[in-house]
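Reading through the structure tokens given below for one structure.
Every read-out reported here was derived from the displayed coordinates using simple, explicitly stated rules and does not represent laboratory data. Keep in mind that what you see is a predicted model, and the values were worked out from it rather than measured. Positions of Cβ are backbone-derived with ideal geometry, glycine not excepted, and every protein chain shown enters the neighbour counts.
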Ligand SMILES: [Zn+2]
């Protein structure tokens, strides 16, 4: 059975926020406790990880994940890459490189932040570093991880261009941090049959670099997915409130939520 697990439904600081607390989230609802970004796609017998946040280690332990087949990055901000060092036990156990996929811009930024991760290492050093092999992808050029076809799509309006992913022609679509969907991406998503679509709702009201509920609704109306899951939610997105104002067939995520594809 193909499925996706929302490993972390929180925005960059998680919920509650260190030193700041719960914001508008009800602290008595466990669905408001949110780790940072992370999605595990279990498709075609593979474990494909989207982003490695500060909370990646705990997410792998919570879900008893011991093998990864690939890591895909949406962009190189701290809340999406800071857990990259915790890929090390996975490459130790497998004894081989783990393929990471990202655009050239994002690979360069991850390397700037964590240069040693991609350095060529000799076998004797294998236990000391994650063994991550870079795979540079281009927007709109599909690539495959074994038999799973993935198409990277460009999104705009965040502080950097970001990369979304469509699995198996629309079975699963993951929208990264964004505020604007460029025409070519929108045309692509309108042509395919979008089944499950995961998209960020960092705050209900739009922010300088993030879409809010109104912009999300506008694109949901255009793309017409079967189901939508809102994730990447900050401390102002109370679970019950987001549920109350979400459009038809749309629900907020919570940590470790599992969705069958
Ligand atoms: Zn970001």
Q. What's the exposure ranking of 106, 248, 232, 210, going from fewest to most Cβ atoms within 10 Å?
A. 248, 210, 106, 232
Q | Packing-based ranking, highest mean first, of 95-103, 171-179, 13-21 given that Cβ atoms within 10 Å are counted | A | 171-179, 95-103, 13-21
Q. Based only on the alpha carbon positions, what is the Kirkwood hydrodynamic radius of region 147-211, in angstrom?
A. 12.1 Å
**Q.** Kirkwood-based shape ratio for the chain, expressed as Rg/Rh from alpha carbons
**A.** 0.95
Q | Between helix 213-223 and the chain: long-axis angle, C-alpha atoms, 0 to 90°, nearest 10 | A | 80 degrees
Q | Mean separation of Cα contacts under 8 Å (6+ apart) over length of the chain, as relative contact order % | A | 21 percent
Q) In deg cm²/dmol, rounded to 500, what helix-only [θ] at 222 nm does the chain give when every DSSP H run of at least 4 residues adds -39500 (n - 2.57) and the total is split over its residues? A) -6000 deg cm²/dmol
**Q.** For region 7-92, the fraction of alpha-carbon pairs in successive 5 Å shells from zero, as %
**A.** 3, 14, 25, 23, 16, 11, 6, 2, 0
**Q.** Square roots of 5 times each gyration tensor eigenvalue, C-alpha, region 57-208, largest first, Å
**A.** 28, 17, 15
Q: Using DSSP, restrict attention to beta bridges with both residues in region 3-260 and report what percent are antiparallel, rounded to the nearest 5.
A: 55 percent
Q: Kindly state, as a whole number, the per residue volume in cubic angstrom of the convex hull around the alpha carbon atoms of region 143-261.
A: 107 Å³
Q.
What do you get for the angle between helix 104-113 and the principal long axis of the chain? Use alpha-carbon atoms, 0 to 90 degrees, nearest ten.
A. 70 degrees
Q | Tensor-based shape of region 35-85 (alpha-carbon gyration tensor, a/c under 1.5 rounded, otherwise prolate or oblate) | A | oblate
